[in-house]
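Encoded as structure tokens, the structure appears first; notes follow it.
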Amino acid sequence: RTAEEFDEVRVPGSVNVDYYASDFAARLDQLPKDVPYVVYCRSGNRSSKTMDIMADLGFSEVFDVDGGILAWNEAGLPLEN
């Protein structure tokens, strides 16, 4: 998500890596690859592409929030801003 989207509302405890940043893949590549990750964006489009990038980089466990933060919110799950 963009910094603006992240500042507006986010899943508690989440860390933002801006999909549109020029160093997006390089920033992902710096993360430990042997721990599970849950990725989400606004609606699910960017996060599904991120999962592909993370798989190419060798991440072992990556899960996508289907429908993004919009679906998370509709499900009544906790958010922070």
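The values are calculated or read from the model by the stated rules, or taken from the named source; none is laboratory data. Since the model is a prediction, treat every value here as computed from it, not as a measurement. When we count neighbours, we look across all protein chains shown, and the Cβ atoms used for this are built from the backbone with ideal geometry, even at glycine. The protein model used for the area step is the full one, side chains on, heavy atoms only, and it has no ligands, DNA or RNA in it. Shrake-Rupley method; radii C 1.70, N 1.55, O 1.52, S 1.80 Å.
Summary table
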quantity	calculated
Any hit, segment 29-39, residues being modelled with pLDDT of 95 or more, surrounded by 11 or more Cβ atoms within 10 Å (Cβ to Cβ) and of a type in the set (Ser, Thr, Tyr)	yes
Close pairs from segment 41-53: first over 10 Å from Gly67 (Cβ atoms), partner of a type in the set (A, V, I, L, M), Cβ under 7 Å, at least 6 apart	Thr50/Val39; Met51/Val39; Met51/Val62; Ile53/Ala25; Ile53/Leu28
Positions within segment 1-27 being in contact with a helix residue (DSSP H, G or I) (Cβ under 6 Å, 6 or more places away or on another chain) and either open to solvent by 60 Å² or more (accessible area, probe 1.4 Å) or more than 21 Å from Asn81 (Cα to Cα) (or both), in sequence order	Ala25
